[in-house]
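*Asks:* Before I ask anything, here is the structure I am working with.
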Amino acid sequence: MIHLALDTPVAKPFRPMRLGVIGAGWLGSAVGSNWARAGHQVMLSSRHPSRLAPLANRLGKNVSTGTPRAAANFAEVVLISVPYEPLPVLAEACGDALAGKVLLDACNPPWNPDHPLAQECASRGVGPTTQRIFADARVVRCFSAVDASRIAESWGRSSVPLAVPLAGDDAEAVAIAAQLVHDADCQPLVVGGLDTGVLFQRGTPPFRANTTLERLRRTFG
Ligand SMILES: NC(=O)c1ccc[n+]([C@@H]2O[C@H](COP(=O)([O-])OP(=O)(O)OC[C@H]3O[C@@H](n4cnc5c(N)ncnc54)[C@H](OP(=O)(O)O)[C@@H]3O)[C@@H](O)[C@H]2O)c1
């Protein structure tokens with residue numbers, strides 16, 4: 001049975017962290033940019049790190065670039081924002097470096113319903129599937145259900161923050177994720193354990209609702 005928490009933790013005082021972003025495309029670069037502006041040390045990663053140099057240069061001294069493996073080694077907390085299909089390959093390449101670390105999973109299941117990972121996500125739920133793939137990481141579903149453009153726009157607009165639903169089984173990991181949502185100038189809404197990620201998966205009302213905390217709470221009923 002799914003337990004709904006719908007709790008919004010109060011932000012603690014800012015503590016700079018080393019954060020890695022695996023997949024610095026639309027979503028990863030939006031979140032990573034906000035974190036760097038907030039004062040975190042961010043490593044953006046790519047299979048072709050040199051392509052990230054212009055963005056890193058614009059963002060300044062808080063941002064470095066590297067491979068996914070380098071970001072996993074560097075960071076205390078990692079955001080993964082790539083297509084879902086390569087997750088098993090990335091787990092093979094970086095899984096050991098992520099052991100014991102908080103892994104913020106923004107990846108949505110494959111569009112092709114016949115893909116084995118789409119089928120596993122449909123039956124098991126996306127959060128538990130990511131946790132199966134990255135068995136030793138502390139997975140939290142986070143930033144998966146909001147638009148990258150809205151995250152980018154939310155920087156500096158804390159008066160009307162964008163609410164970001166998240167779900168995880170590890171209470172300390174969820175608290176860290178909530179703090180990092182806050183540091184990205186958004187507002188966390190903790191929905192419950194990893195299995196509650198199904199409540200804001202693609203196809204549900206909260207998915208891409210891109211709204212305020214109060215309204216997002218209402219979409220969860
Ligand atoms: N865009 C949004 O608004 C949004 C919002 C919420 C969640 N999401 C989710 O976030 C994920 C990324 O979406 P996006 O829109 O940011 O996509 P994107 O702009 O295409 O970026 C995806 C990134 O993944 C990396 N990547 C692609 N194939 C890979 C592979 N085989 N192995 C390793 N890395 C690979 C690419 O990095 P390199 O090619 O540089 O290595 C690229 O930077 C998706 O799962 C999506 O559902 C997106």
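*Asks:* Return the residues of segment 72-90 that are away from the ligand (no atom under 11 Å from the Cβ), buried (at least 20 other Cβ atoms within 10 Å of the Cβ) and outside any loop (DSSP other than H, G, I, E, B); say none if nothing qualifies. Lay out the reasoning, then the answer.
*Replies:* Going through segment 72-90, the residues away from the ligand (no atom under 11 Å from the Cβ) turn out to be 72-78.
From what's left, buried (at least 20 other Cβ atoms within 10 Å of the Cβ): 72, 75, 77-78.
Hits for segment 72-90 are ALA72, VAL77, VAL78.
*Asks:* I'm trying to understand the selection: among the residues of segment 10-69, which are part of a loop (DSSP other than H, G, I, E, B) and surrounded by 17 or more Cβ atoms within 10 Å (Cβ to Cβ)?
*Replies:* Scanning segment 10-69 gives MET17, GLY23, ALA24, HIS40, SER46, ASN62, THR67.
*Asks:* Search segment 119-157 for residues being polar (S, T, N, Q) and under 20 Å from PRO88 (Cβ atoms), and hand back the single one that is nearest to the ligand (Cβ to nearest atom).
*Replies:* Of everything passing the filter in segment 119-157, SER144 is nearest to the ligand (Cβ to nearest atom).
*Asks:* Report those helices (runs of 4 or more DSSP H) wholly inside segment 111-175 carrying at least 2 residues which are at pLDDT 95 or above and surrounded by fewer than 17 Cβ atoms within 10 Å (Cβ to Cβ).
*Replies:* Correct list: 116-124, 148-154.
*Asks:* If ALA148 satisfies every condition in (1) aliphatic (A, V, I, L, M); (2) out of contact with any strand residue (DSSP E or B) (no Cβ under 7 Å at 6 or more places or on another chain); (3) without any contact (Cβ under 8 Å) to a residue 40 or more places away in the chain but one, which is the exception?
*Replies:* It is condition (3) that ALA148 fails.
The values are calculated or read from the model by the stated rules, or taken from the named source; none is laboratory data. Computed from a prediction, not measured in an experiment: that's the story for all the values here. Cβ coordinates were reconstructed from backbone atoms using ideal geometry, including for glycine residues, and neighbour counts include every protein chain displayed.
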